[in-house]
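Values in this text are rule-based calculations from the coordinates and carry no lab data. Every value quoted in this text rests on a predicted model; they were computed, and no experiment measured them. Positions of Cβ are backbone-derived with ideal geometry, glycine not excepted, and every protein chain shown enters the neighbour counts.
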Amino acid sequence: MNDLLEAAQDGNYQETWTLPSGSVYSVSGRPHPDGAVAFLFEDITAEITLTRRFRSEMDLMQSILDKLADGVAVFADDGTLAFTNYAYHQLWGELDETGFEVTTILDVTRSWQDKCAATPILGEIREFIETRENRAEWNANFQMRTGEEVNCTISPMQNGATIICFARTNARIRQGDLEKISA
């Protein structure tokens with residue numbers, strides 16, 4: 001109790017208390033004149049419950065995406081990469097962990113370009129994601145430098161977002177053609 005009072009007198013007391021009933025309170029202590037200390041108890045149960053539910057739904061969504069056989073990349077309306085799944089990372093490799101740095105469609109397509117044969121499709125994907133009007137789903141095929149063929153479906157979503165699905169067709173090209181692509 002003394003530590004609690006000392007921290008509150010300095011204006012440094014801030015804790016979250018979770019009660020056995022499931023209620024959650026934010027408790028803060030503030031000094032007042034003549035050596036008094038005031039404690040503020042704020043019921044934040046609703047906010048905490050909402051945050052936990054949101055995190056749980058996000059974890060479920062990621063688990064569902066990771067179970068899909070096709071690689072999936074979702075871009076927000078501003079062209080930033082919002083979500084990917086396990087199959088996407090298997091196809092394109094792990095992207096650098098950049099923390100909170102924003103990864104744009106330009107960054108991503110440059111990374112894709114390093115792993116696939118030269119194709120104008122990547123530029124078309126960039127243009128599609130940057131376009132706001134008259135967007136309709138379309139498909140394209142391209143080849144990875146390994147010779148593997150990939151079918152790509154680009155679909156508009158609500159609020160200007162875009163989802164791209166990458167389906168491996170498991171087609172291989174001849175070794176001589178692969179050497180030409182690699183050169």
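Worth a mention:
- Signed unit charges on C-beta, dipole axis of the chain, positive-most listed residue 165, 2, 119: 119
- For region 2-47, the fraction of alpha-carbon pairs in successive 5 Å shells from zero, as %: 6, 24, 26, 19, 13, 9, 3, 0
- Grouping the Cα pair distances of the chain into 10 Å bins from zero gives a pair-distance distribution of 8, 25, 22, 14, 12, 11, 6, 2, 0 percent in increasing distance order.
- Amide H contacts under 5 Å for residue 44, placed H, 5+ residues apart: 24, 25, 26
- Sites residue 68 and residue 132 - FRET efficiency at Förster radius 30 Å, r taken between beta-carbons, to 0.05: 0.65
- Taken about its Cα centre, the chain carries a charge dipole of roughly 920 debye when the Cβ of each Lys and Arg holds +1 and the Cβ of each Asp and Glu holds -1.
- If R0 is 45 Å, the Cβ-Cβ spacing of residue 43 and residue 86 corresponds to a FRET efficiency of close to 0.70.
- Rel. contact order, % - alpha carbon contacts under 8 angstrom, at least six apart, the chain: 15
- Residue-span extension gain [residue 159 to residue 104] - 0.36 nm each, minus C-alpha spacing: 18.1 nm
- Between residue 36 and residue 78, the simple label model (points 7 Å from Cα in the Cβ direction) yields a spacing of 4.6 nm.
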